[in-house]
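Student: Have a look at this one.
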Amino acid sequence: MNMVSLDKKKFGSFILELSAEHAVYAPGKAGGKTEFIPVESEDEIDLKTLVTDLSPKGVFFPHSEVLYEYDKEGIRVPQKEAGKPIAVWGMRGCDARSLLMLNKVFGSAIQMPDNKNFQDPYWKEKYDNSVIFGTGCNEPLSTCFCNWFEAGPHSSAGMDVFVVDAGNSFLLEPVTDKGRAVLDKLSCFTDSTEEDKTTAAELASEALDGMAEPMEVNGLGEMLNNKYDEPVWDQISAKCINCGACTFSCPTCHCYDIQDEGKGSSGKRIRIWDSCMFPIFTMEASGHNPRALSSQRVRQRVMHKYSYFPEKYGEFLCTGCGRCVTVCPVNLDIREVLKTINEYKKQGITNG
Amino acid sequence: MGNYCIPQEMRVERIGTEDPARTLRTYDLSFVNDADREAFKYLPGQFCELSIPGKGESPFGIASSPTEEGFLRFTVNRTGSVTNEIHYLRNGDLIGLRGPLGNWYPIEDMKGMNVLIVGGGFAFTTLRSLLIYLMGSREDYKNITVIYGARNPDLFIYKDEIALWKQRDDIQMHLTIDKPVDGWNERTGFVPAVVEEVAPTPDNTMAVVCGPPVMIKYTLPVLTKLGFSDEMIYTSLERRMKCGIGKCGRCNIGSKYICIDGPVFSMAELKNIPETV
Amino acid sequence: MSEWQPRILAILCNWCSYAGADLAGVSRMQYPPSIRVVRVPCSGRVDPLFILKSLQSGFDGVLVSGCHPGDCHYISGNYVARRKFAVLKPLLEFIGVEPGRVQFSWISAGEGDRFAKVVTRITEDVRELGPATRLVKKL
Amino acid sequence: MNTTDNLRKTIKTLISEKKVDLFLGWEKGSLPLSATPLFVTTGEQAERAIFDVTCGNNLSIYFTKDKKQYANKKVGIAVKGCDARSVVLNILEKQIKREDVVIVGVPCNGVLDKKKVLAATEGREVLELVDNGDTVTVKGKGFELSLNRQEILSSSCLACIYPDAQEYDFFMGEARGEVPNEERVKEIIDFQNLPDSDRWEQTRAEYQKCIRCYACRNVCPSCYCNVCFVDQNDPKWIGSTCEYTDSVIFHVIRNLHVAGRCVECGACERACPMDINLLMMNRKVAMEVKDRFGDVAGLDINGKPAMSDFKEDEKQKFIMG
């Protein structure tokens, strides 16, 4: 099965059909903000918004997730009923790629020191059976910089089905076998025409052309490592007030805290999003804090995204979605940060 | 172990108090389930997360050696909410444990070599594990030198065992405290100075350093100065580890996570990692 | 079926209100068995967090009581407390917590009868409101 | 001479005469809707300073960030009315010394709220903004709109009665004086007149949105405790999940901690990634503080923050008789 066409008039019935066997998530309004919410009908879906205010990472890595429950009897992992697999509609290229990155952390087997492999069961339970319908962006925003990272507004990496919004219809193209299988079971499509394919290709190249010139990111990690001890970090972080809004809105930030919540002898152990921007994040019980200064924490965030993570997993921990750029209350633009460091001439002064 | 997020149950078998102020206590834990005991294989240097429902988890180095069977030993300094709660435990109480986590001291490489162990304060836990392990097959190793410093005589842990080790002629024990105290017959002075004075020649010698960050920071250069090569110096780092499985991000330094890539690092590795000590 | 008995947390200052409660007991005065008492050194010690936390953990009402103005054992503790409560009470009502749930009073060591009256009144108020639901955390 | 030119000149003079080591101002940001803080140490940098509708940041936050970073430094700061009150509060609370700061007031006609601009453009991205005073022109791909300034102002500005710095060393232009603002409490009174069950439902719906990122606390110039009560773990006062009672309690207590100290600059609301109407509670508290104790946060440099003060004969009707 190749590219198929879905008339927008039939979008409602498509969603209904999809939700028969899937728990469907799509961008929608929740309290004034756009985020990925469970939907049951077409009306709840926001097809206009490009970059949702909250990233879809929460669908697979929720803000708070129960690891286990405990009481006098002992410990139990909450046994959920085997629910429907997750289907996500309308995930943009940046967000779909963020799932690939998170999957490297949570989904892929991490070799523990005792040679046993560990994969995060909570992530896998949701991600492994999911099917991602991604949508190409025809008019990227000025804050978008996905073209920095071997991807673009019409990248289909991380998606199972790639969707192009062609005005009156959606053009759906299976990317993975899983996507193909899901499409095969649905019925509201018509075959695509040659014209559709041309349209899709045109939209893709127009979208890419509309974006600003990317910064060269080859060797970025090495460049950052080189300037690790330079005072440029103080200059950059002077503005930052460590509010953490960037980390919470980021689709790839995945640091978390583990906390117990309960009453008396029963309760739950929960993992909760946390942020490297907070001084308490690394504070040890002894009172020693290895990253006590704001500049150290800003450096950690930048280094983790563009140097450490690539070193460990082979790709940048940034998709160029631009959420942190939009949300920052002091307009500390990550693109400017990288450019500033890049242009900074090493002075050979070490402050460590 | 299938899910590394889930603790197994342990029973408190013996509680020892290490210092007069009773802030340092040593706990021997036994396995509640036989299957857990069978599965639990560890080496000196590894750590565990001790878990108290309702309070949380904290990482502790394993102080017992795999050669001592049937129990795991941890020494707990009372500083925060979890350690406070651990100090309330009585014999027979249950406690959660996740582990063993992290890597271990290079015991295989130590065979046929002299070993220098440098420790400070209550970070001597995993070093005790190492020492007991080495003594379990003493003939595999050459000279063993131990330099152990504490702020004052009360703050040494495992005092009874130290007394026994001092009597042995196959271990050179050097104890030191920061400032002179009446009745103290051992050395006084900071660890780095003592290392400079009594460390064996670097030839065929492996050095293992574990202690508070400031001690590590000043001891490593001394070893280098004495001629120890970077590959021959190992140290155990400390960060606030939470998940223990390389995900939660707290113990991230450089591209490493201390909980899975460490806590034991050679000096050669540390040179490529920023922000270590 | 017997009448529903609310659970009310009474935070009493050590020097006046707690002694007042004591006097009420010693004098065998009758008041509803609805309160659980926490003794604090001074009403100034009462952090608004204590009050919210009690509501969250399921208390149907909270009573905070200290020395009469001018009688504070620590000279000015209850004056500072009064400012705190003067802001807390309208704010709680503003967000929609029923007015009767959280109440404040001054009771001296000699006012056992007043203590009994205050407890009776807050119990009636809370009983009228029924079991607390808002701000109660469901586990 | 307009405000921006005046401001640049003043900063340059302060720097060249060594009256200050550092000046905190605003410059044009990378996005059209937000200016960004500017740290001036040279006359050249002073040329980048601006003041317009995008300069929402309350720069006094930098006095309490990384404690004591400006110790032994003379710091100049550009302030709007609300920011000046924050600076005064910092002085009253001994975070900085009056003699170490040079306060430069700017005449403020309110700053924008990004989400209101976005609502006005129906979600279309703004690529350029021009502040014309009474109107603001925004341009984007294929559209240009002239917006009424009032329409896009931050809600904190709409409720503002002290647009000018009350404590300053220099003032850039004409002070507007105290603005009688009758609309100020309307929203609050309206809300107050609802039955309590409705109020609770609205509160719950509003705070259910909270994702507990603490951006509101972290951008707040009045929130600078070393360890915030939500971060304390022994005792762990409140849970960290998005459970709404925890969120409501967090915000109520945070409000009480800044009672009599909140200058209503709106930084929290503008920083909130979830668009929670945070200021509503703050303004209610400010109203109570004003009515009961006659105090307005940060207005009087010789005063005392309301909650650390008292009078013996205050109204106490709320106490059970």
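What follows is calculated from the coordinates using simple rules that are stated; it is not laboratory data. Just so you know, these numbers come straight off a predicted model, no measurement behind them. Backbone-built Cβ (ideal geometry, glycine too); neighbour counts: all protein chains shown.
Student: Which loop-located GluC sites (Glu not before Pro) does region A:157-221 contain, where loop means any DSSP state but H, G, I, E or B and the Cβ has at most 11 other Cβ atoms within 10 Å?
Tutor: A:Glu216
Student: Oh, and also: Within region D:244-321, report the GluC sites (Glu not before Pro) that DSSP leaves as loop and that have at most 15 other Cβ atoms within 10 Å.
Tutor: Hits after loop and neighbour filter: D:Glu312, D:Glu314.
Student: Express in whole angstrom the spacing between the alpha-carbon centres of region D:158-207 and region D:26-84.
Tutor: If we compute the Cα centre of each part, the gap is 24 Å.
Student: Where the only charges are on Cβ atoms (+1 Lys, Arg; -1 Asp, Glu), what is the dipole of region C:8-129 about its Cα centre, to the nearest 20 debye?
Tutor: The dipole magnitude comes to about 220 debye.
Student: Only Lys, Arg, Asp and Glu count, each charged at its Cβ (+1, +1, -1, -1), so figure out the dipole size of the protein assembly as shown about its Cα centre, rounded to 20 debye.
Tutor: Here the size comes out at about 2560 debye.
Student: For region C:8-129, what is the per residue volume of the convex hull drawn over the alpha-carbon atoms, in cubic angstrom?
Tutor: 85
Student: I'd like the distance separating the alpha-carbon centroids of region D:228-266 and region A:108-186, in whole Å.
Tutor: Centre-to-centre (Cα) distance: 38 Å.
Student: Mind jotting down the distance between the C-alpha centroids of region B:245-276 and region B:1-21, whole Å?
Tutor: Taking the Cα centre of region B:245-276 as reference, the centre of region B:1-21 is 25 Å away.
Student: Under the definition of partner shielding as Cβ atoms of other protein chains within 10 Å of a residue Cβ, what is the mean value for peptide A:282-294?
Tutor: The per-residue average across the peptide is 5.
Student: Considering only the protein assembly as shown, what is the antiparallel percent among its DSSP beta bridges, to the nearest 5? Working shown, then result.
Tutor: On the way: 87 of 150 bridges.
Within the protein assembly as shown, antiparallel bridges account for around 60 percent of the total.
Student: Normalise the Cα radius of gyration of region B:34-126 by 2.2 N^0.38 Å (N = residues in it) and let me know the number. Let's see the in-between values first.
Tutor: Values: Rg = 14.6 Å, N = 93, 2.2 N^0.38 = 12.3 Å.
Relative to the rule-of-thumb radius for its length, region B:34-126 sits at 1.19.
Student: In deg cm²/dmol and to the nearest 500, what is the mean residue ellipticity at 222 nm of the protein assembly as shown if only DSSP H runs of at least 4 residues count, each as -39500 (n - 2.57), divided by the residue total?
Tutor: Working: 39 runs with 336 residues, N = 1089.
Dividing the helical sum by the residues of the protein assembly as shown leaves -8500 deg cm²/dmol.
Student: Hey, another quick one. Provide a whole-number value for the mean count of partner chain Cβ atoms within 10 Å of the Cβ atoms in peptide D:206-213.
Tutor: 5
Student: Next question. Calculate the tail of P(r) for the protein assembly as shown: the fraction of all Cα-Cα distances greater than 42 Å, expressed in %. Mind showing how you got there, number by number?
Tutor: On the way: 290109 of 592416 pairs.
The proportion of pairs with Cα distances above 42 Å equals 49 percent.
Student: Give the cysteines in chain D for which no other Cys Cβ lies under 4.7 Å away, or write none if there are none.
Tutor: D:Cys55, D:Cys108, D:Cys157, D:Cys160, D:Cys210, D:Cys213, D:Cys225, D:Cys228, D:Cys242, D:Cys262, D:Cys272
Student: Quick one: which of B:Lys217/B:Lys242; B:Lys111/B:Lys225; D:Lys290/D:Lys315; A:Lys48/D:Lys115; A:Lys33/D:Lys284; D:Lys73/D:Lys97 span more than 18 angstrom between C-alpha atoms? All intermediate terms of the calculation are to be shown ahead of the outcome.
Tutor: Numbers: B:Lys217/B:Lys242 24 Å; B:Lys111/B:Lys225 24 Å; D:Lys290/D:Lys315 13 Å; A:Lys48/D:Lys115 16 Å; A:Lys33/D:Lys284 25 Å; D:Lys73/D:Lys97 10 Å.
Check vs 18 Å cut-off fails for B:Lys217/B:Lys242; B:Lys111/B:Lys225; A:Lys33/D:Lys284.
Student: Once amide H atoms are built 1.01 Å from N in the peptide plane, which residues 5 or more positions from D:Phe51, or in another chain, come under 5 Å H to H?
Tutor: Hits under the 5 Å cutoff: D:Thr4.
Student: Whats the longest run of chain A with zero trypsin sites (Lys or Arg not before Pro) that are DSSP loop and have at most 12 other Cβ atoms within 10 Å?
Tutor: A:81-344
Student: So for chain B, what are the equivalent ellipsoid semi-axes in whole Å, largest first, each being the square root of 5 times an eigenvalue of the Cα gyration tensor? Intermediate results must be reported in sequence, preceding the final value.
Tutor: Details: eigenvalues 163, 96, 68 Å².
Semi-axes (√(5λ), whole Å): 29, 22, 18.
Student: Would you mind checking the radius of gyration and Dmax of region B:132-233 based on alpha-carbon positions, in Å?
Tutor: Over region B:132-233's Cα set, Rg and Dmax evaluate to 13.9, 40 Å.
Student: Set Lys and Arg Cβ to +1 and Asp and Glu Cβ to -1, take the dipole of region B:8-101 about its Cα centre, and tell me which of B:Val82, B:Gly92, B:Pro44 lies farthest positive.
Tutor: Of the options given, the answer is B:Val82.
Student: Can you tell me the convex hull volume per residue for region A:260-329, based on C-alpha atoms, in Å³ to the nearest whole number?
Tutor: Roughly 167 Å³ of hull volume per residue.
Student: If you place +1 on the Cβ of every Lys and Arg, -1 on the Cβ of every Asp and Glu, and leave all else neutral, what size is the dipole of region A:228-352 about its Cα centre, to the nearest 20 Debye?
Tutor: Computed charge dipole of region A:228-352: roughly 180 debye.
Student: Are there chymotrypsin sites (Phe, Trp or Tyr not before Pro) in region B:173-257 that DSSP marks as loop and that have at most 14 other Cβ atoms within 10 Å, and which are they?
Tutor: Details: sites: B:Trp184, B:Phe190, B:Tyr218, B:Phe228, B:Tyr234, B:Tyr257; in loops: B:Trp184, B:Phe190, B:Phe228.
Taking region B:173-257 and a limit of 14 other Cβ atoms within 10 Å, the loop chymotrypsin sites (Phe, Trp or Tyr not before Pro) found are B:Trp184.
Student: On average, how many beta carbons from a partner chain sit within 10 Å of the beta carbon of a residue in D:308-317?
Tutor: Averaged over the peptide's residues, the number is 4.
Student: Determine ³J(HN,Hα), in whole Hz, for all residues of region B:44-54 in sequence, where each value follows from phi through the Karplus function 6.51 cos²θ - 1.76 cosθ + 1.60 and θ = phi - 60°; x replaces Gly and Pro.
Tutor: With coefficients 6.51, -1.76 and 1.60, one gets x, x, 7, 10, 9, 9, 8, 10, 10, x, x Hz.
Student: Calculate how many DSSP beta bridges within region D:1-152 are antiparallel, expressed in % of all such bridges and rounded to the nearest 5.
Tutor: That works out to approximately 70 percent antiparallel.
Student: Per the Kirkwood definition applied to all pairs of different Cα atoms, how many angstroms is the hydrodynamic radius of region D:202-262?
Tutor: 12.1
Student: Give me the three principal axis extents of chain D from the C-alpha atoms, as integers in angstrom, largest value leading.
Tutor: Between the extreme Cα coordinates on each principal axis of chain D lie 63, 51, 41 Å.
Student: Where both residues lie in chain B, what percent of DSSP beta bridges are antiparallel, nearest 5?
Tutor: Here the antiparallel bridges make up roughly 55 percent for chain B.
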